[in-house]
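Structure, as structure tokens:
The values are calculated or read from the model by the stated rules, or taken from the named source; none is laboratory data. Computed from a predicted structure; not experimentally measured. Here the Cβ positions follow ideal geometry from the backbone for every residue, glycine too, while neighbour counts run over all protein chains shown.
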Amino acid sequence: MSNVYLDLGKGTFTGYRRELLLDEALFRVTYEHNGVTYLREAFASRPDQVIVARLSANKPGACTGVVTLADARPNQSKIKAGNDIVFSGALVNGLRYAAQLRAIAQGGAVIANADGNLSFQNCDSLLLLLAADTDYAMDSAAGWRGSDPTPHVEGQIAAATRRTYDDLRQRQRTDHRRLFSRVKLDLGPNPAETESLDTAERLKRYGKNPDDRGLERTLFQYGRYLLVSSSRPGALPANLQGLWNDSLTPPWHCDYHSNINLQMNYWLAEPTNLAECHEPLFNLIVASAPVARKATRTSFGDVRGWTMRTSHNIFGGQGWQWNIPASAWYAQHFWEHYAFTLDKEFLAKTAYPLLKEVCQFWFDHLKEMPDGSLVVPNGWSPEHGPREDGPAHDQQIVWDLFQHTIEATKALGADAEFRHEVEARQARLVGPKIGSWGQLMEWRVERPNLEKSNHRHTSHLFAVYPGTQISVTRTPDLAKAAMVSLEARGSGGDSRRSWPWRGAIWARLRRGDRCREMIEGLLIHNTLPNLFTTHPPFQIDGNLGITAAIAEMLVQSHAGEVELLPALPLSWKNGSFQGLRARGAFTLEAAWADGKLTSARIHSEKGGLLAVRYGERTWQHDTQPGLVVEIRP
């Protein structure tokens with residue numbers, strides 16, 4: 001971890017404004033000092049693998065100060081070649097790292113100081129280029145190590161130096177917008193005075209009167225911005241704090257948690273048109289599987305397949321206690337990527353082998369009851385209640401795994417014999433049960449004191465969301481029971497995790513106003529002035545999860561139909577969206593007025609049967625690749 005410090009002198013600064021442009025991934029600061037207006041811009045460029053910052057002013061020669069590059073660990077930075085600061089080192093586990101900062105002045109001068117920093121004097125502007133790298137490689141066979149990072153860093157700085165600021169900026173903007181601009185959302189106009197306020201003030205006002213649709217729209221797009229920024233092909237997946245951890249001792253080690261946190265980070269990837277951002281999750285899980293196989297056999301004996309503990313790291317290392325359904329829940333993401341994209345090559349080469357192996361773990365691990373039914377032994381309803389056989393959460397996840405594996409074999413037209421094995425076991429799984437007061441039971445026995453508690457998790461409602469076992473159209477009685485359970489659990493629990501998950505569940509249950517209550521709860525109770533969601537301190541799964549919940553309010557496709565505006569709240573009276581995705585490789589745009597759908601266009605990427613629902617009306621179309629279906633109710 002490296003820190004760049006700027007000392008721009010003392011004095012009176014006025015007109016200070018700090019902003020983040022989501023559609024450009026650009027950080028900007030403006031202020032006035034001694035009659036001069038200063039501008040500072042910064043962005044992280046994926047194409048050029050550098051962080052770029054530029055200081056400028058509206059008066060020539062006005063930029064003067066000191067820049068320092070510091071290793072967050074006790075390592076000594078040093079000057080290299082006059083206008084570069086560099087450092088390198090190794091962690092206690094042997095992981096090597098390196099960083100290099102280059103300062104390029106237009107006008108004026110850059111001077112190396114004896115204490116390892118750089119002074120810049122009387123410059124028209126100052127361009128800073130920062131590159132940092134490690135020798136980490138996502139390959140367990142190679143010991144998770146690659147080549148020396150120092151030459152990589154030097155090469156990145158050299159290449160970036162050959163480009164102008166405008167060129168670097170354009171390359172970064174194009175790369176970011178290629179993903180971010182795919183989806184647009186309009187929830188209706190706000191008063192001009194509201195739009196001109198800063199985010200902190202808008203949050204305060206929202207706490208008194210939650211009627212800022214622009215803030216809700218920003219929250220949606222902020223989640224997409226965070227995933228675009230922290231999860232790209234070839235890199236690591238987004239962890240608990242994404243790329244924004246600033247501590248060497250972060251909460252929960254800034255790792256990956258398999259009992260909802262990592263999954264919640266990626267719920268939005270497919271429906272909000274960021275399928276490429278899903279790829280790092282797949283790569284890490286596949287890379288970690290060899291380590292997980294060994295750990296699984298050590299703890300569970302002679303079983304096939306593998307699973308993982310609740311917390312794990314980038315080296316496949318397993319931390320806090322076993323989360324036995326972890327690999328089955330991860331497998332859901334592999335299937336969903338196929339379901340939204342219909343990428344047969346991904347299904348055949350990556351997703352199906354993983355689905356099959358995880359199924360084999362459950363073939364060996366499920367417990368047969370005296371009546372012949374199958375339950376998950378020693379399961380848990382995270383993070384709630386005792387460990388015992390057959391909690392609803394675990395049963396639902398295994399059902400989901402078996403269902404997706406069955407569908408995968410059909411999509412591939414292969415492995416029918418294995419499909420029959422899966423179908424036979426799925427039929428014997430203990431399924432969802434309705435309790436004595438109409439609730440969806442969390443365990444195989446009723447525990448009213450726990451079921452009616454205000455606990456932050458809603459683990460036994462996995463089958464509603466993100467699972468597909470329960471839906472309003474296909475299993476209405478179970479959906480009604482899920483609603484009873486959700487009402488009994490309370491409004492939002494005691495964590496930022498509760499609001500997004502419950503929002504998505506309410507969306508699946510077609511309760512738009514309850515969904516919006518969850519948005520309100522997150523913004524009022526668990527959101528910082530920069531829109532990061534708090535735990536505390538902060539984690540980005542709340543941000544990413546609420547974006548997925550909002551998408552679920554506008555489009556659903558889990559029950560065999562593409563449903564338009566299934567959970568539109570009354571307060572979103574007029575609006576539109578473009579670019580949301582549905583299973584079957586469909587891309588949608590829609591508009592509504594006075595709470596009613598006015599038009600929709602559905603783009604079919606791969607062709608196939610398209611079943612559409614709006615309210616009680618349904619349509620069916622046999623589509624061809626590239627066809628656009630227009631819906632006018």
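Which count do you get for residues in the stretch 474-499 that are in contact with a Gly (Cβ under 8 Å, 6 or more places away or on another chain), at pLDDT below 95 and not charged (D, E, K, R)?
Residues in the stretch 474-499 being in contact with a Gly (Cβ under 8 Å, 6 or more places away or on another chain), at pLDDT below 95 and not charged (D, E, K, R): 4 in total.
Do any strands (runs of 3 or more DSSP E) entirely within the stretch 1-69 hold 2 or more residues that are at pLDDT 95 or above and of a type outside the set (S, T, N, Q), and if so, which?
Per the criteria, 14-21, 26-33, 36-45, 50-57.
So which helices (runs of 4 or more DSSP H) stay within the stretch 226-345 end to end and still have 3 or more residues that are aliphatic (A, V, I, L, M) and within 20 Å of the chain's Cα centre (by Cα)?
Result: 279-300, 326-341.
Being surrounded by 20 or more Cβ atoms within 10 Å (Cβ to Cβ), over 16 Å from residue 534 (Cα atoms) and polar (S, T, N, Q) is the filter here; which residues of the stretch 226-262 pass it?
Listed by number, the residues that qualify are 229, 230, 231, 258, 259.
Determine whether the stretch 188-195 contains at least one residue that is outside any loop (DSSP other than H, G, I, E, B), crowded, with 18+ Cβ neighbours inside 10 Å and either touching a residue at least 12 places away in the same chain (Cβ under 8 Å) or not assigned by TED's automatic domain parsing to the domain that holds residue 103 (or both).
No.
Scan the stretch 289-309 and report the pairs whose first residue is more than 15 Å from residue 319 (Cα to Cα) and assigned by TED's automatic domain parsing to the domain that holds residue 355 and whose second residue is surrounded by 18 or more Cβ atoms within 10 Å (Cβ to Cβ) and of a type in the set (Asp, Glu), with Cβ atoms within less than 7 Å and a gap of 6+ or a chain change.
Nothing qualifies.
Among the listed residues 18, 46, identify the single one that is closer than 30 Å to residue 143 by Cα, out of contact with any Cys (no Cβ under 6 Å at 6 or more places or on another chain) and either touching a residue at least 60 places away in the same chain (Cβ under 8 Å) or of a type outside the set (Gly, Ala, Ser) (or both).
After ruling out the rest, the residue left standing is 46.
Kindly evaluate residue 358 against the criterion of being surrounded by 22 or more Cβ atoms within 10 Å (Cβ to Cβ), closer than 30 Å to residue 447 by Cβ, touching an Asp or Glu at 6+ places or on another chain (Cβ under 9 Å) and modelled with pLDDT of 95 or more.
Answer is no for this residue.
What are the residue pairs meeting all of these: first residue in the stretch 262-276, first residue over 15 Å from residue 239 (Cα atoms), second residue of a type in the set (Asp, Glu) and buried (at least 24 other Cβ atoms within 10 Å of the Cβ), Cβ atoms under 8 Å, and 6 or more apart or on different chains?
Between residues of the stretch 262-276 that are over 15 Å from residue 239 (Cα atoms) and residues that are of a type in the set (Asp, Glu) and buried (at least 24 other Cβ atoms within 10 Å of the Cβ), the close pairs are 271/552.
In the stretch 346-391, which residues are in contact with a Ser or Thr (Cβ under 7 Å, 6 or more places away or on another chain) and not in a loop (DSSP other than H, G, I, E, B)?
Correct list: 355, 356, 358, 359, 361, 381, 384.
In the stretch 589-610, what residues are more than 27 Å from residue 339 (Cα to Cα) and among the hydroxyl-bearing types (Ser, Thr, Tyr)?
598
Could we say that residue 410 is within 21 Å of residue 383 (Cβ to Cβ) and of a type in the set (Lys, Arg) here?
Considered against the rule, which asks whether it is within 21 Å of residue 383 (Cβ to Cβ) and of a type in the set (Lys, Arg), residue 410 comes out as no.
Residue check: is residue 546 modelled with pLDDT of 95 or more, more than 29 Å from residue 626 (Cα to Cα) and part of a helix (DSSP H, G or I)?
yes
Tell me the residue from 72, 131 that is over 15 Å from residue 38 (Cα atoms), at pLDDT below 90 and within 32 Å of the chain's Cα centre (by Cα), please.
Among 72, 131, only 72 is over 15 Å from residue 38 (Cα atoms), at pLDDT below 90 and within 32 Å of the chain's Cα centre (by Cα).
Among the listed residues 62, 99, 90, 72, which satisfies the condition of being within 30 Å of residue 315 (Cβ to Cβ), surrounded by 20 or more Cβ atoms within 10 Å (Cβ to Cβ), assigned by TED's automatic domain parsing to the domain that holds residue 49 and of a type in the set (Gly, Ala, Ser)?
99
Within the stretch 504-518, identify whether any single residue is in contact with a helix residue (DSSP H, G or I) (Cβ under 6 Å, 6 or more places away or on another chain), in a loop (DSSP other than H, G, I, E, B) and not hydrophobic (A, V, I, L, M, F, W, C), and answer yes or no.
no
Given the criteria surrounded by fewer than 19 Cβ atoms within 10 Å (Cβ to Cβ) and part of a helix (DSSP H, G or I), does residue 487 qualify?
Taking the combined requirement at face value, the residue satisfies it.
Count, please, the residues in the stretch 589-633 that happen to be part of a strand (DSSP E or B) and of a type outside the set (S, T, N, Q).
Final tally of qualifying residues: 26.
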